[in-house]
Structures are given as C-alpha cells and as structure tokens.
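The values are calculated or read from the model by the stated rules, or taken from the named source; none is laboratory data. Please read these numbers as outputs of a predicted model, since none were measured by experiment. Positions of Cβ are generated from backbone atoms using ideal geometry, with glycine treated the same way; all protein chains shown enter the neighbour counts. To get the accessible areas, we keep the full protein, side chains included, count just its heavy atoms, and leave off ligands, DNA and RNA. Shrake-Rupley method; radii C 1.70, N 1.55, O 1.52, S 1.80 Å.
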Amino acid sequence: MPDATRSPAARGDAAEPAAVAELPDPPAPADVHARVVDWFAEHARDLPWRRPECTPWGVLVSEVMLQQTPVARVLPRWEEWLRRWPTPADAAAAPAAEILTVWDRLGYPRRALRLQAAAEAIVDRHGGEVPDTREELRALPGIGEYTAAAVACFAFSRPEVVVDTNIRRVHARVFSGAALPGQTYTAAQRRLAVELMPATEPDGGRTACAWNAATMELGALICTARSPQCAICPVAELCSWRAAGFPPPTEEQKTRGQAWAGTDRQVRGALMAVLRRGEPVEPEALLDGLDLPEASADQRRRCLDSLLADGLAQRTAAGVTLPQ
DNA sequence: AACGCGGGGGT
DNA sequence: ACCCCAGCGTT
C-alpha cells in the first residue's frame, strides 16, 4: 500500500525495480466509469444529504458546510441547521447571531453569512425555491464553480462537471500517473475532467451524475491523499500512478502547509469563540481576555476590526456581540 | 495565479 | 508537529 509522501520508489527498496521513466497509456475512461460507479453503488456512505427525501436546500447547505470542512464535523451542524431552518425562507429570516451560533466551530464563518445571503437571494429572486441550473446557482453568494455544479448534479440530476479536491486527486492518479494534483486547479485539469465525463446519452446523464458522486467518494474513502487503500481500490488494475510505480509527489505537487499559530485566522477564531458565548463584551475585555500570549495588541485590534468589517461582529451599547 | 480565511482530527 | 479536509472571493 503506497504512502503518497513516501512511495515505494522513494523508499529506495533494493528489491523494487526503478520506476519507469515514461507514463503508461492512461486507461479507457469507460472502463473506469463502470468500475467506479459499481463500487459506489455498493460502498457509498449513507449520508443524510444523499437520501431521496433530502431537499435541494438540504443539499445546498451540505455543500457549503463541506467547503474545507470534513464530513464528520459537518453532520451534527447540518442536522441542527435543517431542523431549525428547513427552507431558504426560514434561514433568510433568522437573526445572523443565531446563524453563526449554529454554525459553531465549522470554521470560515463568513461561509455562514454567505449561506444566509444565498437564502435571501433565493427568496428574492427565485420565489424561495433553490434554482436548478448551474448558472443560477453560481450567481448566489458563496456558491462557486464547484458548489454550483455539485448542487445542480446531486439535487437536480444535471450532468454538470463536478471537480473538487477528491476528484482532482483521483484523476491525477488514475489518468495522469501523478501522486497528487498540485495545489491549484488548472485549466488543464478542468479540460481533463470534461473529457472524462460519461456521455449523457442514452441515459439522460444518470451515469454522468453517478460518476461525479462516485469519483468524489472514491477519493474520500479509498484514494485518499495520505494513505491510499490501493489494495481494495476498484480501479487499481487500471491506475496510471500504480502502473508508473507510485512516483512520489514532486515539490510542485506537495501542499504547502498553511500556518496556523500566530496568524490572524487564529486570533479571529478566538474572538469568534468568545462572541458565540452570547454575552456582550466590552472591547477591552474581549481583546485582553484572549488566551493567546503571542498575539500583540495591534494584531488583536486589527482582527476585531476585520470581524466588524466582515459583519461577523457588531458594536452595541452593551459591548461587542455577534451581529443582531 | 496567489492569498486570506477556522478548526480539529488523523498520522 | 504536520497535514489534510465536498472552496470561495479578492487581488
């Protein structure tokens, strides 16, 4: 079983033949489609936003929450969100403070405000119904290329080209023979994803939609970034990365570790954690109360100002609070 | 194309 | 300690 960061070739095993220099031919897409879609039918996780009774709004909420946040942490927040606000109109009418409190520690709380703004736009422009085309979805706040395609596909069965980090990694390995796709989503990767889409005839795009979901799931469960489970992968025999001898990621492909300690993100997160307690706080008490010895007074002030500017915090007579 | 933006669990 | 996670908006 290969390790993406320490492939057999990189370990320099004496018994291991040197990795072949040139890439083998990539597999026929149709062969990969069949195996991955069949695997998905058998092994897909039973996630609530995949159930037939889940509304398009539920799918949209799940996709926004899942932007950079793992499934396990999203699940309880998604349940709570849909229980409180089962329709876009419900979320649009909620106080922003409540939106941010239910969002809790999912991270990137600006997503929560954008999701509420999307709900408002759905009420204003679409009569309260989640729009069913990629273009209309793309125009909503916080809905980018990925999320627009994902909602159109998973909620409305439209055969859009869905490309997320999992899918980019599976494509890179199976078809390009690379260990990792690299940090930025390139035009070449987009073209590859388009070429790999199953034909929408004769099944009206059912296979195309299944391919999107199945490839994403394969990347999440089997073809993972760190320790891929090639031993149980349905396309191991077709995989270009495997055929090439599991070449390790190049420097270009390695993900640059994003700093955390000492960043504004950490300070903003600490401030938000205090505000989520729900009690108004005097600015001085808020800034002085942070348990971040390394954070300067300047940084604390700057971060509070940025939260106010982002609409994630508000000044009131009683002190700083979540936006009312 | 590169950067800022949270937070926690797996290795 | 480090790395990764169903990205988006701005520059």
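Brief remarks on what is shown
- Rounded percent of accessible protein surface that carbon and sulfur make up, chain A, 1.4 Å probe: 51
- A crude spin-label estimate for the pair A:Ala139 and A:Gln68, with each label 7 Å from Cα along the Cβ direction, gives 2.7 nm.
- For chain A, built as a Gaussian network whose Cα springs stay under 10 Å, the top-fluctuating residue of A:Ser306, A:Ser240, A:Ser176: A:Ser306
- The label point for A:Ile232 and the one for A:Asp264, both projected 7 Å from the Cα toward the Cβ, are 4.4 nm apart.
- Loop-located trypsin sites (Lys or Arg not before Pro) in region A:210-265 whose Cβ has at most 10 other Cβ within 10 Å (DSSP): A:Arg226, A:Arg256
- Separation of region A:286-319 and region A:192-233, taken as the distance between their Cα centroids, equals 44 angstrom.
- The value of relative contact order for region A:264-319, using C-alpha pairs under 8 Å at least six residues apart, is 46 percent.
- Cα-based helix-to-principal-axis angle, A:165-174 vs chain A, degrees rounded to 10: 10
- Nearest 10 degrees, 0 to 90: helix A:56-65 Cα axis against chain A principal axis: 90
- Per-pair calculated FRET efficiency, R0 = 30 Å: A:Ala28 and A:Asp132 via Cβ, rounded to 0.05: 0.40
- C-alpha long axis of helix A:264-275 to longest principal axis of chain A, angle in °: 50
- Local electrostatic count, A:Gln266, Cβ distance below 14 Å [Lys/Arg +1, Asp/Glu -1]: +2
- Shape of region A:48-156, Cα gyration tensor, a/c cut at 1.5: rounded
- Accessible surface for region A:166-235, divided over its residues, is 42 Å² per residue with a 1.4 Å probe.
- Estimated FRET transfer efficiency when R0 is 45 angstrom, pair A:Arg45-A:Ala285 (beta carbons, to 0.05): 0.55
- Of A:Ala92, A:Ala297, A:Ala119, the one that fluctuates the most in a GNM where chain A has Cα springs shorter than 10 Å: A:Ala297
- The length gained on full extension between A:Glu252 and A:Arg125, counted as 0.36 nm times the residue separation minus their Cα-Cα distance, comes to 41.4 nm.
- Given charges at beta-carbon only (K, R positive; D, E negative), |dipole| of region A:174-305 in Debye: 260
- Modelled spin-label separation between A:Ala225 and A:Thr321, with each label point placed 7 Å from Cα along the Cα-to-Cβ direction: 3.9 nm.
- Take every pair of alpha-carbon atoms less than 8 Å apart whose residues are at least six positions apart; their mean separation over the length of region A:48-156 yields a relative contact order of 29 percent.
- Per residue, the average separation of C-alpha pairs within less than 8 Å and at least 6 apart gives chain A a relative contact order of 24 percent.
- In the context of the full set of protein chains, region A:260-324 has a per residue accessible area of 55 Å² (1.4 Å probe).
- Here region A:101-176 and region A:59-78 have alpha carbon centers that stand 11 Å from each other.
- Rounded, prolate or oblate (a/c below 1.5 giving rounded, otherwise prolate when a/b exceeds b/c) for chain A by Cα gyration tensor: oblate
- Total formal charge among the other residues, if their Cβ is under 11 angstrom from that of A:Ala91, Lys/Arg +1 and Asp/Glu -1: -2
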